[in-house]
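Taking it in order: structure first as C-alpha cells, then the write-up.
The values are calculated or read from the model by the stated rules, or taken from the named source; none is laboratory data. All of these numbers come straight from a predicted model, not from anything done at the bench. Because the Cβ atoms are built from the backbone with ideal geometry, glycine has one as well, and the counts that use them run over all protein chains shown. Accessible surface areas use protein heavy atoms only, side chains included; no ligands, DNA or RNA. Shrake-Rupley method; radii C 1.70, N 1.55, O 1.52, S 1.80 Å.
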Amino acid sequence: MKLGFIGFGEVGFELGRGLRQSGLTDILAFDPLLDDERFGGLVRNRAEEAGVTLLASPAAVIRQVDVIIAAVPGSQAVSAAQTAAPSLAPGQIYADVSTSTAAGKKKAAQLVEQAGARFVDGAMMGGLSMQHHKVPTLLSGSGSDELIRLLTPFGMVLTRVSDTPGDAIAIKLVRSIAMKGLAALAAETLEAAVKLGVSDEVLHSVADTLTAAPFKDTLDWLVTASAVHATRQVHEMNDVLAMLTEIGVEPAMTRGTIQRLQWLESQKFKDRFQGKKPKEWQDVATDWQS
C-alpha cells in the first residue's frame, strides 16, 4: 500500500513518521509551504526525519497512492478536496483529518465521491505529540472500513462511527466545548484564586466536589440543579462578575456562565418540575432534540 499526504504540517509529520517506523515505507507528501522562505526548510526537515518523499503538487501525490490523508487546516478542507478531485480515481480513499465543520466534511465528501473515490471523515481524539500515529481516531464515511483494514496493521487506532461524513468531526467538536472550556474555566478560576490568595482552599473544595461521585452522577447533579435553580445561580454569578472586575480578572467565562444560566432560566424548568430537581440530565434535555 502507498500512502500520500496533502499537507505535511505537524499532523502529517507525526502520522507519517509513526507509520513509517511501523513498517509503511511508501509515503509521499505535498505541502504548499514547501517553497516558502520561512517554513520551507521546516517542511523539508520534517519529511527527511519521517522518511517521507515530498512532491511538487497534490496531483503528483494522488496519482501514485492508494490512500490520501488530507491534513490541512479546517478552513482549507473543502478547497483541498476540490483541488484533489480531478486527480482521484475509483478505488482510492480520501481521508480528511482536518477540524473542518460537519458541513465542510459533507461538502468535501460530495466532491471526492463524485470523482469515484471513497471519503473518510477522520477526527483525532487525543494528543499527537504524545500518542503520535496511535492517537485514537474516529472515522465516518464510505471508506471507513477499508481505511481501518489498511492502516490498523501499522498501529493506528481507528474506530468507525457511521457511514455519514461529518459524524466523526461532530463528536470531536462537541467534545471540545467541554475540554477547551474546562481549560479556559480553570485558567479564570486560578487567576482569581491566586490574586485573592485562596488557591489551595478553592482547589481542594473543587476537587472534593468533582470526585465525590462517578462522572455521570456529577453531571446529572450539575445540570439538573442549574436547571431548577438558575435564577439564584444567575444572582450569585453576577456577584462573581463584580468581584472579578474589582480585582482585575477578565471574566470571560463568568460572562458566558451567566448567559447560559439566563437561558436555562428562560426555559422555566423550575415551573415544569414544580421546584423539584429532576433525576437525570436527560430529563432537562428533552426539549433539546433536533
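A few notes on this one:
- Scanning the range 76-112 for residues being among the hydrophobic types (A, V, I, L, M, F, W, C), farther than 19 Å from ARG63 by Cβ and open to solvent by less than 10 Å² (accessible area, probe 1.4 Å) gives a total of 3.
- Given (1) more than 19 Å from ILE177 (Cβ to Cβ); (2) open to solvent by less than 90 Å² (accessible area, probe 1.4 Å); (3) out of contact with any helix residue (DSSP H, G or I) (no Cβ under 8 Å at 6 or more places or on another chain), index of the condition ASP200 fails: (2)
- Residue match in the range 31-39 (condition: crowded, with 23+ Cβ neighbours inside 10 Å and either in contact with a strand residue (DSSP E or B) (Cβ under 6 Å, 6 or more places away or on another chain) or over 18 Å from MET124 (Cβ atoms) (or both)): yes
- Those residues of the range 136-175 which are assigned to a loop (DSSP other than H, G, I, E, B) and either free of Cβ contacts under 8 Å to residues at least 60 places away in the same chain or surrounded by fewer than 18 Cβ atoms within 10 Å (Cβ to Cβ) (or both), in sequence order: PRO136, GLY141, SER142, GLY143, GLY155, VAL157, ASP163, THR164
- One residue stands out in the range 235-251 among those that are assigned to a helix (DSSP H, G or I) and hydrophobic (A, V, I, L, M, F, W, C): the one that is most open to solvent (accessible area, probe 1.4 Å), namely MET243.
- Residue within the range 113-129 that is crowded, with 16+ Cβ neighbours inside 10 Å, part of a helix (DSSP H, G or I), modelled with pLDDT under 95 and not basic (Lys, Arg) present: yes
- All told, LEU55 meets the bar of being over 24 Å from ARG160 (Cα atoms) and open to solvent by 30 Å² or more (accessible area, probe 1.4 Å).
- Residues located in the range 40-72, provided they are touching a helix residue (DSSP H, G or I) at 6+ places or on another chain (Cβ under 8 Å) and in a loop (DSSP other than H, G, I, E, B): GLY51, VAL52, LEU55, ARG63, ASP66, ALA71, VAL72
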